[in-house]
Amino acid sequence: MRSLFLLLWRNNFTLLFLFLLSFGFFMIIRNNNFQQVSVFNSTNKIAATILEATNYVKEYINLKENNASLARENARLKSQLPDAFYENGALRTVIADSARYQQYSFITARVINNSINRRNNYITLDKGSLQGVEKDMGVISSSGVVGIVKDVSPHYSTVMSVLHKNTRISTKFKNSNYFGSLVWEGNDVKEATLLEIAKHVKFQVGDTLISTVYSSIFPEGIMVGVVKEFELKPGDNFYQITVKLTTNFGNLSHVYIVDNLLKKEQWLLEKNSVSKDDN
C-alpha cells in the first residue's frame, strides 16, 4: 500500500494533467453536438470492428465442424446424382433376320479405368457377367480395335489392351488377303508392329489394316491402323511394319464388347478336329 501511495505521489503532476485533459474533453463533448456525434460514430465503428473480429475468431474456431457438416451434405447430394448409380442393364444389339443368321452382337460399355504407361496395360469396363460379358470377347471402339476381355465379375470386366505384350491381333491389308499378327513392342502408345508379312507381299505407306475373321474374336473389317513405315532387313523373309493405330487409347470413354454367337461352336469343332488328329 505504501509503495502504491509513493508511486502516485511521484507521478501526481502527470496524473493530474491526464485527469484535467480527460475532464476537458468530456466537457467539450458534452456541450457540443458536433463533437458528440463524432465521438458516437467513432465509438460505434470501433465496437463494430471489435465485434467483427470476435465473430471471425468464432467462425475460425468452428471451421472444422462446419467443413465436416458441409462435407456430409455434399456426400448426401452426390449420392443422389445419376452417376452414383450402377446401370444394371446393358444395351445389346441383336437383329432378327429370317434370311440371315446373326453371328455377332454388341454390348455397350463405359471405360472406368485405363492404363497406357505400362508394359502390360489393362482397361476396366462397367459391364460384367450379369450383362452377358464373358472371357475372350473382343472389345472395339468407334475408331478401331481395343483389346480382349481377360477377366469378368458380375458387374465389371477387365480388358487386355492392344497395348499389352501378350496381345496378338490377327490383322490383314484391306486391299488384299495377306495377314499377320499385330503386337505392341512397348514403345509408343500410338504405334504397334505387324509381323509375319512375307517379303513378296506388295503394299505401301498409308495402306489400311483391318481385323480378320481368323481369330473368331473380332468381326472382319474392324479398323486397326495404317502402315506408317516398314523395313526388310538383309536376309529376312518377313517385313518389320510399323502401324499407326486408329484407336486413341489415351481418350477412351465408350466401347463395344463383341459377342461372337457362333464362337463356341467353332472352337468345339476345331478342338474335336485337333483331338482326332492327335489320336
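Taken together, the values in this text are just the output of simple stated rules run on the coordinates, not laboratory data. Just so it is clear, the model here is predicted, and its values are computed rather than measured. Because the Cβ atoms are built from the backbone with ideal geometry, glycine has one as well, and the counts that use them run over all protein chains shown.
Quick look at the values:
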{"read-out": "Binned Cα-Cα distances of region 92-274, short to long, each 5 Å bin given as a whole percent", "value": "1, 8, 16, 19, 19, 15, 11, 6, 3, 1, 0"}
{"read-out": "Karplus (6.51, -1.76, 1.60) ³J(HN,Hα), θ = phi - 60°, over region 220-225, in Hz, Gly and Pro reported as x", "value": "6, x, 6, 4, 10, x"}
{"read-out": "Karplus (6.51, -1.76, 1.60) ³J(HN,Hα), θ = phi - 60°, over region 157-162, in Hz, Gly and Pro reported as x", "value": "8, 10, 10, 6, 5, 4"}
{"read-out": "Summed residue charge, Cβ within 12 Å of G206's Cβ, Lys/Arg positive, Asp/Glu negative", "value": "+1"}
{"read-out": "Amide H within-cut-off set for I197, under 5 Å, with H built and near neighbours excluded", "value": "Y239"}
{"read-out": "Gyration tensor verdict on region 178-279 (Cα atoms; rounded if a/c is under 1.5, prolate if a/b is larger than b/c, oblate otherwise)", "value": "oblate"}
{"read-out": "Total formal charge among the other residues, if their Cβ is under 15 angstrom from that of N177, Lys/Arg +1 and Asp/Glu -1", "value": "0"}
{"read-out": "Cβ crowding within 10 Å averaged over residues, with 141-148, 262-269, 158-165 ranked highest first", "value": "158-165, 141-148, 262-269"}
{"read-out": "Note, ³J(HN,Hα) from phi for region 174-184, Karplus 6.51, -1.76, 1.60, rounded to Hz, x at Gly and Pro", "value": "5, 9, 7, 9, 6, 9, x, 10, 8, 10, 10"}
{"read-out": "Long-range amide H partners of R168 with built H, under 5 Å", "value": "none"}
{"read-out": "Nonlocal amide H pairs with D136, under 5 Å, H built at 1.01 Å", "value": "V149, K150"}
{"read-out": "Pairs from K199/K228; K174/K271; K150/K271 whose Cα-Cα separation, in the structure shown, is over 23 Å", "value": "K174/K271"}
